[in-house]
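Before any comments, here is the structure.
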Amino acid sequence: MMGQSIIVEDVSLSFPKKKSILQMLKKSDTSSFLALDKINFSVKKGEVVGIIGRNGCGKSTLLRIIAGIFSPDKGTCKSAGKISLLAGLGTGFTGHLTGRENAFLYGSILGHEQAVMKELMDEIIAFSELESFIDEPLRTYSAGMKARLGLAVASALNPEILLIDEVLGVGDPVFKEKSKKKILDMVSEAGTVVIVSHSFGLMTSICDRVIHMSDGKIKFIGEPQEAISSYYASEEGRK
């Protein structure tokens, strides 16, 4: 993998379709949904690659394959370096634990040792702006407060490969700007970045290349503006 951080070769993945009770009684029914269909691409070390496409086209599923959360049915995905996935902020949080305890828990899920988390805790609390609530049970937090805590923990990472899945819109307008700046700082510090976003302005400003996905397939890979044009052309074709 000389010079490459990520190599995805002929990756396909299917999920079972949701079934009615009647369909579930028919044990012979093995219908499935093809989420990814023969995906091929690579990402160079130090490159920032964006992924765009309609909801349900396979963007988030692809990130989870790169992160090692999902295993493909066919094909291979190889990576060189420590991977961190920013997605579903607050995954693993528990309501009866305090914000501080959940920060330690979430940090362990993301691969941090407890000693490291202790060193990062002051930074996490300050960034989340939860100083007065950090030792209160998470069940007393609003959705925005939970998201702020999740982002604060996740953004304390220092990965070689950073995967970002639509996490730039958490909290109030002021915190949204703060979180965007924090993540862009992470992008500049990480060796390689793959980002899923509906913000085409962001994609144009930070990405070296953009992948346009549609119905589980790659429609286009190339310059950001060309990929965005491919997306709009595809949308026009659906009308």
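The values are calculated or read from the model by the stated rules, or taken from the named source; none is laboratory data. The shown structure was predicted, so the numbers you read here are calculated from the model rather than taken from an experiment. When we count neighbours, we look across all protein chains shown, and the Cβ atoms used for this are built from the backbone with ideal geometry, even at glycine. Ligands, DNA and RNA are excluded from the accessible area calculation, which covers all protein heavy atoms including side chains. Shrake-Rupley method; radii C 1.70, N 1.55, O 1.52, S 1.80 Å.
Brief remarks follow.
- Accessible area expressed per residue, the chain, with surrounding protein chains retained (probe 1.4 Å, Å²): 51 Å²
- Between ASN158 and SER142, the contour length at 0.36 nm per residue exceeds the Cα-Cα span by 3.0 nm.
- Here the simple spin-label model places points 7 Å from the Cα toward Cβ, and for ILE69 and THR94 these points are separated by 2.0 nm.
- C-alpha long axis of helix 114-128 to longest principal axis of the chain, angle in °: 90 degrees
- GluC sites (Glu not before Pro) restricted to DSSP loop in region 119-205 with at most 13 other C-beta within 10 Å: GLU131
- Accessible surface of region 90-145 [probe 1.4 Å, protein heavy atoms]: carbon and sulfur percent: 53 percent
- Two-decimal ratio, region 150-233, of alpha-carbon radius of gyration to 2.2 N^0.38 Å: 1.15
- Förster-model FRET efficiency, 35 Å R0, SER132 and LYS45, C-beta, rounded to 0.05: 0.25
- Nearest 10 degrees, 0 to 90: helix 224-238 Cα axis against the chain principal axis: 60 degrees
- Each helix, a run of at least 4 DSSP H residues, gives -39500 (n - 2.57); summed and divided by the residues of the chain, these come to -11500 deg cm²/dmol at 222 nm.
- Options [x] 7, 25, 34, 19, 10, 5, 1; [y] 7, 31, 35, 21, 6, 1, 0; [z] 7, 28, 31, 23, 10, 1 - which one matches P(r) over Cα pairs in 10 Å bins from 0, in percent as calculated here: [z]
- Nearest-ten-degree value, helix 143-154 long axis tilted from longest Cα axis of the chain: 90 degrees
- Computing FRET efficiency as 1/(1 + (r/R0)^6) for ILE7 and GLU235, where r is the C-beta to C-beta distance and R0 is 30 Å, gives about 0.50.
- For the chain, built as a Gaussian network whose Cα springs stay under 10 Å, the top-fluctuating residue of GLY50, GLY95, GLY216: GLY95
- Most mobile of SER142, SER155, SER128 in a GNM of the chain (Cα contacts under 10 Å): SER142
- Segment GLU177-LYS82, extension gain: residue separation times 0.36 nm, minus the distance between their alpha carbons: 31.5 nm
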